[in-house]
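The values are calculated or read from the model by the stated rules, or taken from the named source; none is laboratory data. Remember, predicted model here, so these are calculated numbers, not experimental data. Heads up, the Cβs are rebuilt from the backbone with ideal geometry, glycines too, and the neighbour counts pull from every protein chain shown. These area figures cover heavy atoms from the full protein model, side chains too; ligands, DNA and RNA do not enter into them. Shrake-Rupley method; radii C 1.70, N 1.55, O 1.52, S 1.80 Å.
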Amino acid sequence: MKEPDFSDFRSLARRRLPKVLFEYIDRGCGDETLAKRTRDVLDQVLFQPRALLGTTPKPLKITLWGREYDAPLIIAPTALAAMVAFQGDSHLARAAEKHRLPFCVATQSLMSIEQIRRMAPAASLWFQLYVWKDIELSLDLLERVKRCDVDVLVVTVDTTIPPRRKYNERNGFGMPIRPSFRLAADLALHPHWLLKVLLPTILKTGMPSYVHYPSTMRTTVFRESPPAVSLRRTLSWNDLSRIRDSWVGAMIVKGITCAEDACSAKKMGADGIVVSSHGGRNFDAQATVIEILPSVIEAAGKDLIVMADGGVRSGLDVMRYLKIGAHLVLMGRSPLYATSAGSRYIDYLINDYISEMKNIIELGGL
Ligand SMILES: Cc1cc2nc3c(=O)[nH]c(=O)nc-3n(C[C@H](O)[C@H](O)[C@H](O)COP(=O)(O)O)c2cc1C
């Protein structure tokens, strides 16, 4: 592949991954208008290049909670990375280690935080927490996480009700995944994936399973999760306060979409928020992140670090979020698709983003 970009990686992932998996990653929810609107609104964020500045552009490095990062970029939590490439989470973690960026491990990841830490010993690992119905079990999980030298806790709050993803239900890729003739045919049509991803996974660790569940409740992706580890529908600010009390490091609330919730996060003691519509995957009829970002930033004031995500396909898109005022930007699908091409392409992607960001800064774009 010569100088590929997001659309090349996406096309490759479309070819290589079983259709059900590709659609699970790529598509949105409901009528899937949010992803399109996100792109349209992002494209309207324009720059006014300056001529003859004659100055050295300010560096991209950022220091956050005592750790320096090479750029204000974060590899977002994406649960099924280990189904996109064999041990996909470890590729993402190693890329984060190499480029001195954070990688946020998901609660629903199929590789454990312990395993990822072993494979990327110097990486800045963040951990994304979905709070379970039995919140005591979530607090127990945090004890595991603390032992893995995790820098930051990211609590996702926008997934308390199951998203409407009809195509997943139709093609059998609900959670749990339902075995069917159609699914078997889809897998059979993707021998590269079967041989390079599923087979080595099964040989190494058995059927993919949710390894952050308590050991007595661990289920494969083909079994219903026990109710105690289903997502907590009644999640409240009181629950977040309990988590805050048991986590000494920095804590971020992910999935904030209005100024009022940014104020509540601040009051609760959060150090940062992620303004996110979950990549258009959870609720279609909401404003895009770019549209709500200014009011959320104003409400956050100086006390909260504000991060943003959604639709990022290039360094230019990252700069668009920074221009509107985000301090850092998360990349979800793009590194995931690069992973399907091979681990060196994650490096390539990050280098490409950073070099484009530097060029835009040189144009006086920030
Ligand atoms: C396949 C997939 C799985 C995801 N899993 C999680 C998750 O487990 N927890 C979470 O907080 N966000 C999850 N997200 C959302 C991302 O963290 C991020 O908010 C979103 O993907 C950003 O949009 P983008 O993909 O357009 O960059 C997931 C996204 C995708 C595409």
I'd like the residue in the range 1-28 that is open to solvent by less than 50 Å² (accessible area, probe 1.4 Å) and part of a loop (DSSP other than H, G, I, E, B) and, out of all such residues, is nearest to D352 (Cα to Cα). P4
Does at least one position in the range 270-286 carry a residue that is of a type outside the set (V, I, T), without any contact (Cβ under 8 Å) to a residue 60 or more places away in the chain and under 21 Å from I135 (Cα atoms)? yes
Would you please list the contacts, defined by Cβ atoms under 6 Å and residues six or more apart or on different chains, that run from a residue in the range 1-28 that is on the phi < 0 side of the Ramachandran plot and touching a residue at least 12 places away in the same chain (Cβ under 8 Å) to a residue that is open to solvent by less than 30 Å² (accessible area, probe 1.4 Å) and charged (D, E, K, R)? P18/D186; K19/D186; V20/D186
Look at D31 and say whether it is open to solvent by less than 70 Å² (accessible area, probe 1.4 Å) and either modelled with pLDDT of 95 or more or not basic (K, R) (or both). no
Of all the residues that make up the range 75-133, how many are of a type in the set (V, I, T), in a loop (DSSP other than H, G, I, E, B) and under 19 Å from D309 (Cα atoms)? 2
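Conditions tested, residue by residue: (1) without any contact (Cβ under 8 Å) to a residue 24 or more places away in the chain; (2) open to solvent by 40 Å² or more (accessible area, probe 1.4 Å).
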position: V154; (1), (2): no, no
position: R165; (1), (2): no, no
position: N168; (1), (2): no, no
position: N171; (1), (2): no, no
position: M175; (1), (2): no, yes
position: P179; (1), (2): no, yes
position: A184; (1), (2): yes, yes
position: A188; (1), (2): yes, yes
position: P191; (1), (2): yes, yes
Determine which single condition R39 fails, assuming it passes every other condition in (1) open to solvent by less than 80 Å² (accessible area, probe 1.4 Å); (2) of a type outside the set (D, E); (3) under 24 Å from V289 (Cα atoms); (4) more than 18 Å from the chain's Cα centre (by Cα). (4)
For the range 73-91, give me each residue that is within 12 Å of the ligand (Cβ to nearest atom) and in contact (Cβ under 8 Å) with a residue 40 or more places away in the chain. L73, I74, I75, A76, P77, T78, L80, A81, A82, M83, V84, G88
Please give the number of the condition I243 fails out of (1) open to solvent by 10 Å² or more (accessible area, probe 1.4 Å); (2) within 16 Å of the ligand (Cβ to nearest atom); (3) of a type outside the set (S, T, Y); (4) more than 28 Å from R10 (Cβ to Cβ). (1)
By residue number, the members of the range 318-334 that are more than 9 Å from the ligand (Cβ to nearest atom) and assigned to a helix (DSSP H, G or I) are V318, M319, R320, Y321, L322, K323, I324
Output the residues belonging to the range 63-79 that are modelled with pLDDT of 95 or more and surrounded by 15 or more Cβ atoms within 10 Å (Cβ to Cβ). L64, Y69, D70, A71, P72, L73, I74, I75, A76, P77, T78
Those residues of the range 33-72 which are basic (K, R) and within 16 Å of the ligand (Cβ to nearest atom) amount to K36, R37, R39
Give the range 147-184 a look and list any residue that's touching a Leu at 6+ places or on another chain (Cβ under 9 Å), modelled with pLDDT of 85 or more and not hydroxyl-bearing (S, T, Y), or say none. C148, D149, V150, D151, V152, L153, V154, V155, V157
Say whether the condition of being of a type in the set (S, T, Y) and not in a helix (DSSP H, G or I) is met by at least one residue in the range 171-181. yes
Sole exception among (1) open to solvent by 40 Å² or more (accessible area, probe 1.4 Å); (2) within 11 Å of the ligand (Cβ to nearest atom); (3) free of Cβ contacts under 8 Å to residues at least 60 places away in the same chain for R313, by number: (3)
Looking for something of a type in the set (A, V, I, L, M), out of contact with any His (no Cβ under 7 Å at 6 or more places or on another chain) and more than 24 Å from I116 (Cβ to Cβ) - is there at least one such residue anywhere in the range 174-182? no
Out of curiosity, is I113 over 16 Å from the mean Cα position of the chain (by Cα), open to solvent by less than 30 Å² (accessible area, probe 1.4 Å) and closer than 21 Å to R218 by Cβ? no
Taking the range 256-292 and the residues there that are basic (K, R) and more than 16 Å from the ligand (Cβ to nearest atom), the one that is least open to solvent (accessible area, probe 1.4 Å) would be K266
